[in-house]
Every structure is written in structure tokens, then in C-alpha cells.
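Each remark here refers to the structure printed beneath this line.
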Amino acid sequence: MPSELDIRLDAIMDQLTGPGGPLPLTTFEQDGVTYPMIATAPPSLPPYFQLFSMQHADKEFLVCGDERLTFAQVYAQARAVAGALVDGFGVKRGDHIGIAARNAPAWIVLYMGIVMAGGVASLLNGWWTGAELAAGIDDSDTKLVFADPQRAARLSEVRHGAEIVALDIGQTIADALTPVLARGGGAETALPELTGDDLATILFTSGSTGQSKGAISTHRQVTQGIFSYLAQTLMSLQLITEMEGGPPTLQPATLLNVPLFHVTAEIPVMLQSFAMGRKLVVMGKWDAEEAMRLMEKEKVTYFVGVPLMSYEIMTHPNRSKYDLSTVRDFAAGGAPRPVEHVKRLNDEMGGAKPLIGYGLTETNAVGCGNFRDNYLAKPNSTGKASRPLVDLAILDDDGKPVPQGERGEICIRSVCNFLKYYKNPEATKAAFTADRYFRTGDLGYLDEDGYVFIVDRKKDIIIRGGENISCQEVEAALYENLDVAEAAVFGIADARFGEVPAAVVHPAEGKSLTAEGLQTFLAARIAAFKIPERIWIATDPLPRLGTEKIDKVSIRNHFRALVQRGTQA
């Protein structure tokens, strides 16, 4: 039976998306599939930026340190950057232009300027090593990269095919962008007219096969992803208005505390804020106490991050020193939230409610959501498919639906799904069923109320605090050490990050290895978050299956049990 809250939310969504509502639906046809689509969403990002930047012109948009910028000021900077890219840098429609930098106002303005100029924003993972950055640049044919000093230094030590423009993004926005604007062009430069079919973004995703793949999306897919989230936000706003007898009076505000190269920060946080007139308080680096200080100072109304972040706030010894009463919701995504944390957040955070969402890079963050009392009732569920755009199914290996309640692969179909993996048709074909459901690689089931429960992963990946890690990539890095004969990488439970990488390594004959030595070896090859936190040295060869493949399942189960028991070996 649907809950009372579900009935109310469905009624609100029907009003929002029905005739005369603010988000009426139309349809879009592609590859023989008819998708529901929100008719009022602009077809591309440039008119979206212009419309809402003018609508909220004088409201504060970006707060970073002592700098405070309105929507109109940010848009003016982005328009000048777009002109400079066209005239000064010669950017053509469809060129791939990268950003490799920590969170800062300049990052957002560069993103806006790139897509307004007709470029495709290539969002490089700022945690990557120089070699990983170079691989991402070359694999995506990114020709120009704007980098902060740290990332520029890493890129100076490796070979790649891009021009690097170093920007000191710690400066005020005008000073940080001087190297861009100095090349010529500006706010008067003519810009291309873009359609929904033009390419907009490349985001990088770590799958089970090692090197990250570039997931490329059109403007339509991105703007529909934004409006999918906007529909959920307006639904929640209407619910609050009905419950409290009037709408909230504070300007919406949230921390920008997750990396902008992640789809969560890009779409539901940064891009959705234009339509909402929401203030973004930029954090260059996560720190729970600094987050609480900013939440109090800036009257933050909504918090979202990986589950670790809200947990660190909830358990921080100094939490009582900060007034967090303006925060209505503590949302999470990117990884499961432990069930016990859900109730604690509800009970201990002064009336703020826990939420969780489920989406992927390839779905432009769109998927499922579990709200308020529904989340408390089903704390181990990631919620129901997000109306009005998501069609979610549990399918078997042949792409056929399994009976309700049985386990299969969670698959998502919507107009928001990405277009393809760049220059990787084999991976693209494998990612979709014949009728265009995206295969998430997560295994789960639907209960009788349509709630999704994730039980395992089909892909050989680890999710450390919301960051995907390919086991095969870490194993490949271990095998670069000639003293390693066999290696198996898997995830183990961790109280802070949900899970972290671990490895079992068997040395080559006559060789000696240590965990510390292997961690040092890996530090020069892969990003720090991918390095196994526990490495066991196995004196015997690793167990194998009848096919002679290493038996990862039994190895993983054995060592996870050791960790759970607190056993060292």
C-alpha cells in the first residue's frame, strides 16, 4: 500500500506536470523510443543561464571567502569568457574544452563560458595524478584545459595533446580569469545558436574495466536532468507550504561541498541553483566544522553530500556550538547511507529530515529518491523512480523484466540518459538494452510499493565515499610492480567512507613485499583515494576457479570476514 506521504507527493506532481502546471509534459522520440519530456525546459544551457540569471539578477549566487557575486555578475563574467573562447582561443562548436581545478567561482564561470561558446565541457577529475589527467585528456580529445596551479603542475610533468592555461582560481573572479580574457574577444562576440542535439558535457566514470570512460551528453539531456531535479524540488516546496501554511521565507542556500567534476555537484547542486535562485556557498575542501560555520553564517537551507559528510556533522564534538536550525534537509547520494544513521539524523538534527537520492554519471544524476517519512519507514531503500521522467525496471541478463520482488539489474530509461561513451562504441552498446534502458551495474529489487532496494554490484567497482574505483585499474597498477605475481582488489567496510579498497598480493618467486612498500609504489601511479588501505601479503598462490581465473568472490568474502572479526591475517 502506498504511504500517505506518497499519495500526497503523487498528487502534487500531477498538478505540477499536468495541463496548466509549471512543468507540463511533452514527448521526445529517439531510437524508436518515446520519452516523456518537460516542455518548459530550455532546449540548451545558454538560454537557461540567461533566463534565470536575469530573473534572479540581484540575488546572491556565489559566496566564496570574502567574495560575493550575484547571478547577474556571474552571467556577465561567463558571457565575456564565452566571447574570449570564440575570438581569443578559436573555440569552435563541438570542441572539447577541459576544466581541471578545485571548486571555485572561476570553475563555474568557465563551465558556463565553455558551453555558451558551443564547446563541450570536459570535467576532469581533480583528484587524478598527472598520468591519469593526461589519459583523460587524450582519450576525450580535449584540446584546451583550464587548470588551477596544482593540476597544471601535475600536467606539466606528463605528455598529452592539450594546451594548458593555468589560472590562479584562489584570486577574485576578475583576476582569476584575466589570462582568459586577455586573449581577445568578449561580451560583444557573437556566439553560436545551439540546439538540444548539440553536445554539452563529458564526465568521466570508473567502470569495471579500468581506465575511466568519457560519458558524453547533449544539451537536451543535461537540461532535462536539471528539470527532473527541479520537479522534485517544487514538489517538496509545495509539500512544505501545505504543511506550514506558507512557503519558506529565506533565500534557498546550500554548500557546494562536493567536487564540481562529479555529476551530483554539476546538475542537482550547481546547475539547478540557477532556476531556484539558490545561493551556493563554495568550499574548496571538505571540513565538517568549517561546513557548520558556513551553514550558520550563510543560513544554509539544504545540505547534500556523500553520507560521510552528514555523518561527520552529526557526530562532530562541536556541533552544539553552531546554529543549524535553517537547514531543512540532510540529503545524501553517491553511496548507501547506513540504516542506523537515517534515524539518528532524524532524531538528532533539530528537525531537519534525512533524504537520499540515486543516480549515475550516465543518467545525469537522475534516478530515484527517498523522502522524509518514507525514508524513515524504508531506510535501506534508495526510494522510488523520480517522476515524471524516469522509467525504472529490474531486468535479467537478457534485458527481460524479472517478477516483482526478485533480484535483477537496476536499469533506468529517461530522456536524461547520456548519449554514449566517447569513441567507445563497444562499451556504449554494452551499457544499454535493445530498448534503451541503461544498465546501472547495480543489482536490486522492487518491493510492492515500487521502492528500489540495492543489494549488490554487478560491476567490479568500489564506492569510497561516493567516488567510484575500478578494481581492475588498481590491480593493473599493482602488476606494474615486477615483484607482484598475483593481486586481487576488492572493497571492505569502513565506518567513514562506507567502503575502502583493500588488496591481497602474492609475491613473485624469491621476492619479498610489504604493504607499506606497495602503497608507496602505487602513490606514483594512481590517485590517493584509489590506493588500498589494507594490503595482505599471501605466501601461497591465490585461489582460482575452474577457468583458472582468480576466485575474487571467495577471496573477498574471506578477508571481509577477517576485517569484521578484527583479525589481522
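Picking from residues in segment 202-220 that are outside any strand (DSSP E or B) and open to solvent by less than 10 Å² (accessible area, probe 1.4 Å), the one that is modelled with the highest pLDDT is HIS219.
Does THR249 satisfy being of a type in the set (Ser, Thr, Tyr) and surrounded by fewer than 20 Cβ atoms within 10 Å (Cβ to Cβ)? It is true that THR249 is of a type in the set (Ser, Thr, Tyr) and surrounded by fewer than 20 Cβ atoms within 10 Å (Cβ to Cβ).
Among the residues of segment 519-558, those that are in a helix (DSSP H, G or I), surrounded by 15 or more Cβ atoms within 10 Å (Cβ to Cβ) and modelled with pLDDT under 90 comprise LYS552, ARG556.
Looking only at segment 32-56, residues that are among the small types (Gly, Ala, Ser), over 19 Å from ILE412 (Cβ atoms) and surrounded by 15 or more Cβ atoms within 10 Å (Cβ to Cβ) come to 2 in all.
Residues ALA187, ALA174: which one is closer than 20 Å to LYS92 by Cβ, in contact (Cβ under 8 Å) with a residue 60 or more places away in the chain and either open to solvent by 10 Å² or more (accessible area, probe 1.4 Å) or in a helix (DSSP H, G or I) (or both)?
On the way: ALA174 fails: closer than 20 Å to LYS92 by Cβ.
The unique qualifying residue is ALA187.
Here is the figure for segment 444-463: residues that are open to solvent by 50 Å² or more (accessible area, probe 1.4 Å), touching a Gly at 6+ places or on another chain (Cβ under 7 Å) and closer than 26 Å to PHE371 by Cβ total 4.
Here ASP87 passes the criteria (1) open to solvent by 10 Å² or more (accessible area, probe 1.4 Å); (2) under 19 Å from ILE226 (Cα atoms) except the one numbered (2). Of all residues in segment 454-473, those that are at negative phi have Cβ atoms under 7 Å from Cβ atoms of residues that are open to solvent by 30 Å² or more (accessible area, probe 1.4 Å) and part of a helix (DSSP H, G or I), 6 or more apart or on another chain, in ASP460/GLN472. Given the structure, is GLU298 touching a strand residue (DSSP E or B) at 6+ places or on another chain (Cβ under 9 Å), in contact (Cβ under 8 Å) with a residue 60 or more places away in the chain, over 30 Å from GLY136 (Cα atoms) and of a type outside the set (A, V, I, L, M, F, W, C)? For GLU298, the condition - touching a strand residue (DSSP E or B) at 6+ places or on another chain (Cβ under 9 Å), in contact (Cβ under 8 Å) with a residue 60 or more places away in the chain, over 30 Å from GLY136 (Cα atoms) and of a type outside the set (A, V, I, L, M, F, W, C) - is met. Identify all residues within segment 131-155 that are under 19 Å from ARG93 (Cα atoms) and open to solvent by less than 20 Å² (accessible area, probe 1.4 Å); write none if there are none. Within segment 131-155, ILE137, SER140, THR142, LEU144, VAL145, PHE146 qualify.
Restricted to helices (runs of 4 or more DSSP H) entirely inside segment 39-142, those with at least 3 residues that are more than 20 Å from ILE202 (Cα to Cα) are 45-55, 71-87.
Of the residues making up segment 15-31, just one is assigned to a helix (DSSP H, G or I) and either loosely packed, with under 13 Cβ neighbours inside 10 Å or in contact with a strand residue (DSSP E or B) (Cβ under 9 Å, 6 or more places away or on another chain) (or both), namely THR17.
Taking segment 260-355 and the helices (runs of 4 or more DSSP H) fully enclosed by it, no element has 3 or more residues that are under 18 Å from ASN370 (Cβ atoms), open to solvent by 30 Å² or more (accessible area, probe 1.4 Å) and touching a Ser or Thr at 6+ places or on another chain (Cβ under 6 Å).
I'd like the full set of residues that are assigned to a loop (DSSP other than H, G, I, E, B) and either within 13 Å of ARG436 (Cα to Cα) or of a type in the set (S, T, N, Q) (or both), limited to segment 399-411.
Hits for segment 399-411 are GLY399, LYS400, GLN404.
Exactly one residue out of ALA430, ALA434 is assigned to a loop (DSSP other than H, G, I, E, B) and either open to solvent by 60 Å² or more (accessible area, probe 1.4 Å) or modelled with pLDDT of 95 or more (or both): that is ALA434. The one condition from (1) open to solvent by 30 Å² or more (accessible area, probe 1.4 Å); (2) modelled with pLDDT of 95 or more that VAL63 does not meet is (1).
Report, by residue number, each residue of segment 499-518 that is open to solvent by less than 50 Å² (accessible area, probe 1.4 Å), touching a residue at least 24 places away in the same chain (Cβ under 8 Å) and over 17 Å from GLN472 (Cα atoms). Steps first, answer last, please.
Taking segment 499-518 first, the residues open to solvent by less than 50 Å² (accessible area, probe 1.4 Å) are 499-508, 513, 515, 517-518.
Now narrow it down to the ones that are touching a residue at least 24 places away in the same chain (Cβ under 8 Å): 499-508, 513, 518.
Passing the criteria: PRO507, ALA508, LEU513.
The values are calculated or read from the model by the stated rules, or taken from the named source; none is laboratory data. Nothing here was measured: the structure is a model prediction, and the numbers come from that model. Ideal geometry is used to build each Cβ from the backbone, glycine not excepted, and the neighbour counts take in all protein chains shown. Quick note on the areas: whole protein, heavy atoms, side chains included, nothing else; ligands and nucleic acids left out. Shrake-Rupley method; radii C 1.70, N 1.55, O 1.52, S 1.80 Å.
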